[in-house]
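What follows is one structure encoded as structure tokens, with my remarks underneath.
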Amino acid sequence: MTDFALGPFLLSGERLIWILVTLVLWGAAALLSRRGRPDLNPWAFRATLAGLLGARLGFVAQNADVYLADPLSLFAIWQGGFALWGGVAGFAAVTLPLMWRRREMTPGIALAVLAALTLLFILAQLGRANEQFLPQDRVFEDLAGRQMTLEGPGVVNLWASWCPPCRREMPMMLEEAAANPDLPVYFVNQGESPGKIRSYLSTSGLVMRPVLDPAMGLMAGLGILGLPATLFVDAEGRVIHTHSGEISRAALRQGLSDLKKEIP
């Protein structure tokens, strides 16, 4: 799904899906709690919170080396990093014991979960029907005027020198790109002139081969509303995941690890 702008806030399509699913779960729990039925609202809140916490802790456990080296990054949840299996485990840890202790709540809990899963299924199908692909037939240029195309599997990072989070994540992304030479990482500059890019690279000391997109065609074509954005692309050129905003080292490593499974 594409990004959505809510006033000054930018929300990725994937995060919007989970927000909508959560709201449906809460709404169904509230409706089913009316007219003297068991109150499901406390369960819905606690189970959702446990799911969110479990998803975060599961991801941290998968990338323990990164977080041990930088413990404060554990709290940078805006950079992404959630494991679905951890979320399911956290949600189940609250829900299943409650259903066992209070059997009268089981039908209501089951209906609320079914409503949320139904919405999740519908949104997933809509997402598959609107899959996005890189324009593999489009020819780009680097600063030396050499032509190239963007091919998967690989990572495409959309950036600009005026963007503070782009500048913060760039050194880390270059380190990870160098550590994973079997997967291409394309740094596609959005809207800046070659002179501006050269000046930034000269003052920052970064060594990279930026790809030029002066008309910002990738942002427009893929529905990206803000920078930075990191796209994980499979072997067919399909964008399988888009991370909007600054990305963490752990989230980038996880994405690279998933893409490596496609390499023969």
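Of all the residues in the stretch 75-87, those that are touching a residue at least 40 places away in the same chain (Cβ under 8 Å) and either in a helix (DSSP H, G or I) or touching a Cys at 6+ places or on another chain (Cβ under 8 Å) (or both) number 2.
Return yes or no: is Ala47 farther than 30 Å from Leu201 by Cα, over 19 Å from the mean Cα position of the chain (by Cα), in a helix (DSSP H, G or I) and of a type in the set (Gly, Ala, Ser)? So that I can check it myself, show each step before the final result.
On the way: farther than 30 Å from Leu201 by Cα: yes; over 19 Å from the mean Cα position of the chain (by Cα): yes; in a helix (DSSP H, G or I): yes; of a type in the set (Gly, Ala, Ser): yes.
Against the criterion (farther than 30 Å from Leu201 by Cα, over 19 Å from the mean Cα position of the chain (by Cα), in a helix (DSSP H, G or I) and of a type in the set (Gly, Ala, Ser)), Ala47 qualifies.
Pairs meeting the criteria (first residue in the stretch 43-68 and farther than 30 Å from Met105 by Cα and at pLDDT below 95, second residue among the charged types (D, E, K, R) and open to solvent by less than 100 Å² (accessible area, probe 1.4 Å), beta carbons under 9 Å, at least 6 apart or on different chains) are Asn63/Arg249; Asn63/Arg253; Val66/Arg249; Val66/Arg253. Based on what the data block shows, is Leu72 part of a helix (DSSP H, G or I), open to solvent by 40 Å² or more (accessible area, probe 1.4 Å) and modelled with pLDDT of 95 or more? For Leu72, the condition - part of a helix (DSSP H, G or I), open to solvent by 40 Å² or more (accessible area, probe 1.4 Å) and modelled with pLDDT of 95 or more - is not met.
Residue-wise test of (1) part of a strand (DSSP E or B); (2) in contact (Cβ under 8 Å) with a residue 60 or more places away in the chain; (3) at negative phi.
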site: Thr106; (1), (2), (3): no, no, yes
site: Ala116; (1), (2), (3): no, yes, yes
site: Arg128; (1), (2), (3): no, no, yes
site: Asp137; (1), (2), (3): no, no, yes
site: Val156; (1), (2), (3): yes, yes, yes
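Residues of the stretch 70-123 that are among the aliphatic types (A, V, I, L, M) and more than 19 Å from Ala55 (Cα to Cα): Leu98, Met99, Met105, Ile109, Ala110, Leu111, Ala112, Leu114, Ala115, Leu119, Ile122, Leu123.
The values are calculated or read from the model by the stated rules, or taken from the named source; none is laboratory data. Everything quoted here is computed from the prediction, not taken from an experiment. Cβ: placed from backbone, ideal geometry, glycine included. Neighbour counts: every protein chain shown. Accessible surface areas use protein heavy atoms only, side chains included; no ligands, DNA or RNA. Shrake-Rupley method; radii C 1.70, N 1.55, O 1.52, S 1.80 Å.
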